[in-house]
Amino acid sequence: MSTCKILITEDEMIVQMHLKRLVEGLGHEVSGTASTLKEALQAAERQTPDIVLMDIHLAEKSDGVEAAGLLREHYDCEIIFITAYGDARTVERTAAVGASGYVVKPFSTASIRAAIQTALSTRDRHRQAKARELSLTSALEYRNDAVLVSDANGVVLFASPSTAKFIGWPTHESCGRRVGEVLRLADRSVETDIVEIINDVLRTGQSRNLLQLAFLTEDGSEAAVDVMMQPIREGEEAATGVLVALADRSANHTTAEAETHQPEGHEAAFGEGTRLLVYSHDTLGLGHLRRCHKLVRRLAADHSNLSVLLVTGSPMVHRFETPPGTDYLKLPAVRKVAPDQYEARSLSMSSSGIQSLRTNLLLHTVRDYSPNVVLVDHSPLGMRGEMLPALRRLKDQGNCQLILGLRDIIDNPDALEAAWEKQGVYEVLRDIYDHILIYGCSKVYDTVREYRFPDDVAAKAHYVNYVADTDTNSPEDVPTSTASNDTPLIVLSAGGGDGGAAELIEPFLNMMREAGPDVGFRSVILTGPFVEPDLKERLKSMADGLPAEVLDFVPSTDALFREADLVLSTCGYNTMTELIVHAKRSILIPRVLHRDEQLIRAKRMEELGLARCIHPDQVTSTSLLDAIRTSLRADPPLPRARAEGLIPVDGAEGFSKFCGILRIWSSVVNSESAAL
């Protein structure tokens, strides 16, 4: 029997210890133990289990069925329920989770052994089915090309009809044979090289090519064929197979291949006829989408006849006004639920299913839209690698400038370096991206130095300054609070509302109520559009009778920030730049969910004397009221910073200028060329 990692989730300590002895006695590894839902998720985060032994009733009134569903969703593990309850209702609930086993207490070693073996068999069947699904998905992406799909052992699972001229078997008979065996190679010794390269692709997860290999044609003559091999994987999982694409490079196919891979056109300046695709990372909040809109508006103003396609999964994209020549493609929305863990926001789909759907939509979009320039905002690989197939295709085709846009502060430097090493980001920065634009200024935060960019990656980096909307008369700039009132106005902003709303707003409202009529200020509270409906209603109820107005969304906070005597907010990138441009005073309560980005930024703002930073763990009604009254008495630091140009906020202009010097490959025939 094969061995595996098993997480034991059981609230009775004696039973937990007994299970641990049984599991280890059967030769398996206990990856962790837990007695509550929270502990189970934490244990799975530390080490992903293959199987979970799950009690239905856990400590702290945790529901084992709910815990099992979350573990299956996020960690793709098999579930064996162990419980004293064997009634029909309990069995029905566990079946809905997709459990692979069910053991009723008291249990024996034999029953545990049998349940684990059944779970392992179920896991293997699931993996084989997933491999077949991924293989067919990959093959469909190349439906008009000559492709073979192999499993992890190099055995052919699928052969497209176009492979007939390259293989020595009918396509339907090639399945089940090894890749090297079915190819009609002029030199059979090359078969060994192909096997070694397939193993290398599976091991490293990197594509490999063999160019100009000699193949025998059906009439016995030789043809030069490129063999291109790339891993088949789901997200960041290990490769489960290899896609082998075959392209005839012999003389009689040169013209046809050129028409496919080298479209006619000419080198041109960025602007006239340029097709730009902007991928906006969209898993948490609105910051990335707001920044991308600022960049797009500036580009549209500076460059005529520019076409921009914004690709995002944000459910709020329709709420933003787009300039002429701009449209958007809405991906199915996801939301971040843990570090590097995402789930469908609206659709009833698994994490793997929603990622596969989005990945394929992105790949087909770049094929059909055929952009000259691509800007990937914030996430080099896209959500869990969803942009990689599209990026690789564009890189292989050439004729497209690939730009990565990064905010200046991403996360804790050590954590980011470890994550990028694990995900292979540095290789993508070296091999795929042409330029790395940093939305910041090295004098404020030196991204290249702090994140220890390798020299070859640092050479691609350019600072464009901070991206902010400096136009105080923008079409979205509509004041929400217009009442004439000498009472100081405090604006609270919780960003998009995906995290930090309760930690910021509830203590503030409690403080206002405790202070009573003598609180001395009024407030406008922005919860963010993604705040949970129950929380939004609770906050509105808490604000009832107070000098406080609760709103969930405004297209722009600029007017409110200008009107406010003090802004209390989280410290996302966009919030920070809007404060710099428009606000007078600021108290920052950074969101510390998933990463340290906001905490680092808020501390840097405090170091520069531009704001006060309060860690969310230190927020109380008393600490808030003291900080507010102290800030309102002090001279406003932000107008001084603007006057001195301490933080440059012309990043949209800097981005537009950078694009203006690009030379792109255009298939648009200009009037001068047409006249000739």
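The values are calculated or read from the model by the stated rules, or taken from the named source; none is laboratory data. Given the structure is predicted, the values throughout are model-derived calculations rather than measurements. In this analysis, Cβ positions are derived from the backbone assuming ideal geometry, glycine residues included, and neighbour counts consider all displayed protein chains.
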Checklist line | Pair list, Cβ under 7 Å, 6 or more apart: segment 227-241 residue not assigned by TED's automatic domain parsing to the domain that holds GLU421 and assigned to a loop (DSSP other than H, G, I, E, B), other residue among the β-branched types (Val, Ile, Thr) and modelled with pLDDT of 80 or more | finding: ALA239/VAL201
Note to self: Within segment 279-288, does at least one residue satisfy the condition of being modelled with pLDDT under 80, on the phi < 0 side of the Ramachandran plot, more than 22 Å from the chain's Cα centre (by Cα) and not assigned by TED's automatic domain parsing to the domain that holds CYS77?
What the structure shows: no
Check: Taking ILE112, is it at pLDDT 80 or above, touching a helix residue (DSSP H, G or I) at 6+ places or on another chain (Cβ under 6 Å) and either surrounded by 17 or more Cβ atoms within 10 Å (Cβ to Cβ) or not assigned by TED's automatic domain parsing to the domain that holds LEU210 (or both)?
Finding: yes
Item checked: Residues located in segment 297-334, provided they are in contact with a Pro (Cβ under 7 Å, 6 or more places away or on another chain) and hydrophobic (A, V, I, L, M, F, W, C) -> ALA300, MET316, PHE320, ALA333
Item checked: Residues of segment 556-615 satisfying the condition of being part of a loop (DSSP other than H, G, I, E, B), buried (at least 21 other Cβ atoms within 10 Å of the Cβ) and not polar (S, T, N, Q) -> ALA564, CYS571, GLY572, ALA583, ARG585, ILE589, PRO590, ARG591, LEU610, ALA611
Note to self: Step by step: first the residues of segment 56-84, then only those that are surrounded by 15 or more Cβ atoms within 10 Å (Cβ to Cβ), at negative phi and part of a loop (DSSP other than H, G, I, E, B), then the one that is modelled with the lowest pLDDT. Which residue is that?
What the structure shows: SER62
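To keep it simple, each residue is scored yes or no on (1) in contact (Cβ under 8 Å) with a residue 40 or more places away in the chain; (2) assigned by TED's automatic domain parsing to the domain that holds GLY440; (3) over 21 Å from ILE664 (Cα atoms); (4) under 20 Å from the mean Cα position of the chain (by Cα).
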residue: ARG290; (1), (2), (3), (4): yes, yes, yes, yes
residue: HIS293; (1), (2), (3), (4): no, yes, yes, yes
residue: ARG298; (1), (2), (3), (4): yes, yes, no, no
residue: ARG319; (1), (2), (3), (4): yes, yes, yes, no
residue: THR322; (1), (2), (3), (4): no, yes, yes, no
residue: ARG335; (1), (2), (3), (4): yes, yes, yes, yes
residue: GLN355; (1), (2), (3), (4): yes, yes, yes, yes
residue: LEU362; (1), (2), (3), (4): yes, yes, yes, yes
Check: Does segment 13-26 include one or more residues that are surrounded by fewer than 17 Cβ atoms within 10 Å (Cβ to Cβ), charged (D, E, K, R) and in contact with a strand residue (DSSP E or B) (Cβ under 7 Å, 6 or more places away or on another chain)?
Finding: yes
Checklist line | Wholly within segment 119-211, helices (runs of 4 or more DSSP H) carrying at least 3 residues that are at pLDDT 80 or above | finding: 179-182, 190-204
Next item on the list: State all residues of segment 1-12 that are crowded, with 17+ Cβ neighbours inside 10 Å and within 19 Å of LYS105 (Cα to Cα); if no residue qualifies, say none.
Entry: ILE6, LEU7, ILE8, THR9, GLU10, ASP11
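For every residue, the table says whether it meets (1) charged (D, E, K, R); (2) closer than 19 Å to GLN117 by Cβ.
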{"site": "MET17", "(1), (2)": "no, no"}
{"site": "LEU22", "(1), (2)": "no, yes"}
{"site": "HIS28", "(1), (2)": "no, yes"}
{"site": "GLU39", "(1), (2)": "yes, no"}
{"site": "ALA44", "(1), (2)": "no, no"}
{"site": "PRO49", "(1), (2)": "no, yes"}
{"site": "GLY64", "(1), (2)": "no, no"}
Note to self: Can you find, within segment 376-421, the residue that is surrounded by the fewest Cβ atoms within 10 Å (Cβ to Cβ) among those that are part of a strand (DSSP E or B) and over 17 Å from the mean Cα position of the chain (by Cα)?
What the structure shows: LEU402
Notebook entry, point to check: Just a yes or no: is a residue in segment 352-361 buried (at least 22 other Cβ atoms within 10 Å of the Cβ), touching a helix residue (DSSP H, G or I) at 6+ places or on another chain (Cβ under 7 Å) and hydroxyl-bearing (Ser, Thr, Tyr)?
Noted result: yes
